[in-house]
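Just so you know, all these numbers are worked out from the coordinates, no wet-lab data involved. Being a predicted model, the structure only gives us computed values, none of them experimental. We place every Cβ from the backbone using ideal geometry, glycine too, and count neighbours over all the protein chains shown.
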Amino acid sequence: MMIRAMAMLIGDRLVRLAPVDLVIVVFYFVLVLAIGFYLKGRSNTGEDFFLAGREMTAWIAGLSFLSANLGALELMGWAAASYQYGILAAHWYWIGAIPAMLFLGLVMMPFYYISKTHSVPGYLKLRFGEASRALSAISFAFMTVLMSGINMYAMALVMKVVLGWDINFSIWISSITVAVYVTLGGLRSAIFNEVLQFILIWAGALLIPILGLIEAGGWKALQLKVAQNASVEYTHLWSTLGSFKDNPMGIHWTGIVFGLGFVISFAYWTTDFLVVQRVLAAKDLRAAKMAPIIGAAFKMFVPFIVILPGLLGLAVLPMKLTGEAAAVASGGHSYNEVLPLMLARYCGPGLLGLGITALIAGFMSGMAGNVSAFSTVWTYDIYKALIKKKATDAHYVLMGRWSTILGVLISIGTAYLVMQFLSIMDYVQALFSFFVAPLFGTVILGMLWKRATAAGGFWGLLAGTVSSIGMWAWVRHYPSALRYVALSSNARDMAENMYRGLWSWIICVVVTVAVSLVTTPKPESELVGLVYGATEIPTEAQVPVYHKPAFWAVVVAIVFIALNIIFW
Amino acid sequence: MRSDGTISIWFFIGISLLVNGVLIFGAGLYQLSHPPAAKVVLYDLHASIWWGAILLIVGLIYCIRYHPNRA
């Protein structure tokens, strides 16, 4: 929706770059390419190319884990959402991320790491067999490149709207750059650049909330201005969630807690290979457990550069931003432009270039994450598993390089397809969500329940996915069905997604349990390293308490609870 | 990340912050001597100068701390 609106709004650019801004943007491209060329000689084996040699420190794996998710669409989209819905958008950064990231680090990482799997579908193969892996791998590979294409088109459109750059120029320059550095250096290059991009995103975006708070007169004054310009509910996180009608998002607290906080969040952060791949590259189990906890610590503060600018936009921007249709009709600005508008408001030459670089870095980190994950799943879980089972390691590395290029080319093709048929985007984004929630049900039962069988895993995953598609189609054809799927006819799109995810997860779990109880489980000896109760997790008794992942997870959890109480 | 003598990612980050800091700090100084006709909001705080200086100093520290010759 955001992209369609911007496509219609293309006209005058929002900002003009000075020569110093262009130098900063060009320097960024030169540096990421230089890193790719520098790492070219260090990706000769499969372990190097697909898992970065499994030698990343907790800090690098943790920042990369977060950066792969911190795309510019994420930045601009959630800034727009906070202008539109208020601080409720912060739920996607707090309850919608932190508990799941801590759970990944403390509970799930040992099984991913000890099993020595190279991917999430690879874990399913070890735990449930080839059929579950094939279903998961094919759906993930297909959806990942399609999403990458959509993001690519979105980036090109943002550059067109904000800077007036030609769409073809933006698509090809960014794609070629990502293709070059990932093809040359594999996952190591993607991770290095993601850490760089993470730092640049903060360096470029942090000034907006700092200067915004100075202009608004501090948090209390900001709350008053937001209450005047919008509503007092816009700065409260939980107190308006007692009813679907009481908050601008049209959502109930059960949808946030169970749909977002449990199913959607846990599904994305613990089973989406795009992010999990970064943690699998950690150098040892402690680093693998610490990485998501470090990611969670930084994730808690992302609302400062995403949600706060949206609220500040409500308080200080002289114009009223509107929905897409109204913006097109009036020639005004839409919600989606709030972040670039705030950037242009405070940033002069130099700072503007850094802010634009932050947006480009966000797009490229997301794109690199998609193509490197696609390359691994294609090579190991589709090509090696289904097409060419026995070949040399060098052959699979070569296939990894070619599939990176193939992934980028399919993404470019998708970008042009979306340009012609904008409605494709809504369908692909919905399709992506169909697979995530049921996959979490399958993986979590596989890790925590020894009795889960191969047949149970496969049929549960299939039933959850099909039921999710069925609910989506039901509401599209009969809008009145929304009151059954989302428990209220007042529910909006986001609430519908939350509940659909919750139901499909429950269906996946029920089917997995039912089928498992009537089929034969694997002997326990085959579950070692894969399942809780059959796996000996290395203890950390000798390590000082401040080196233990559990200690830092508790610290993060305390800050997380405090933030929710402060902004209640 | 440099146990085998390779360049640390933090060195690359230091370079990036240092170069950006120099450019932004320089642009801020230029604006001080040649004030633009259309000023950004809170122009008087001269964010380019202090933010550029912060990036420059942090970048410099990282470049020195993680310089390949110190491995």
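Structural remarks
- Reducing region A:75-112 and region A:317-381 to their Cα centroids gives an inter-centroid distance of 19 Å.
- Helix-only CD estimate at 222 nm, as mean residue ellipticity for the protein assembly as shown, using -39500 (n - 2.57) per DSSP H run (n ≥ 4): -22000 deg cm²/dmol
- Relative frequency of Cα-Cα separations exceeding 35 Å in chain A, percent: 34
- Taking amide H as placed 1.01 Å from N in the peptide plane, the amide H of A:Tyr532 sits under 5 Å from that of A:Leu448, A:Trp449, each at least 5 places away or on another chain.
- Comparing A:Tyr478, A:Ala455, A:Ile506 along the charge dipole axis of region A:450-568, the residue lying farthest to the positive side is A:Tyr478, per the Cβ-charge model.
- Distant-in-sequence amide contacts of A:Thr322, defined by a placed amide H-H separation under 5 Å and a gap of 5 or more residues or a different chain, comprise A:His333, A:Ser334, A:Tyr335.
- With Cα atoms, 0 to 90° folded angle of helix B:9-33 axis to chain B main axis: 20
- Unit Cα scatterers, Debye sum, region A:173-224: log10 I(q)/I(0) for q = 0.16 Å⁻¹: -0.61
- Contact order relative to length of region B:10-63, as percent, for alpha carbon pairs under 8 angstrom and 6 or more apart: 65
- Nearest-ten-degree value, helix A:285-299 long axis tilted from longest Cα axis of chain A: 20
- Normalised by the number of residues in chain A, the average gap of Cα pairs under 8 Å and 6 or more apart makes the relative contact order 28 percent.
- 3J(HN,Hα) along region B:51-63: 6, x, 5, 4, 4, 4, 5, 4, x, 5, 4, 5, 4 Hz, from the Karplus curve 6.51 cos²θ - 1.76 cosθ + 1.60 with θ = phi - 60°, whole Hz, x for Gly and Pro.
- Across region A:523-534, rounded Karplus estimates of 3J(HN,Hα) from the backbone phi angles (6.51 cos²θ - 1.76 cosθ + 1.60, θ = phi - 60°) give x, 4, 4, 8, 9, 5, x, 10, 10, 4, x, 10 Hz, Gly and Pro being marked x.
- In order along region A:401-417, the Karplus-derived 3J(HN,Hα) couplings, from 6.51 cos²θ - 1.76 cosθ + 1.60 at θ = phi - 60°, round to 5, 5, 6, 5, 5, 4, x, 5, 5, 5, 4, 5, x, 5, 4, 6, 5 Hz, and Gly and Pro are given as x.
- In Å, descending, principal axis extents of the Cα set of region A:438-568: 60, 51, 15
- Modelled label positions at A:Leu224 and B:Tyr30, each set 7 Å beyond Cα in the direction of Cβ, lie 4.1 nm from each other.
- Once the Cα atoms are used to define both axes, helix A:351-376 deviates from the longest principal axis of chain A by about 20 degrees.
- Assigned charges on the beta-carbon of Lys, Arg, Asp, Glu; the protein assembly as shown dipole about Cα centre (debye): 640
- Chain B: proportion of alpha-carbon pairs further apart than 13 angstrom, %: 66
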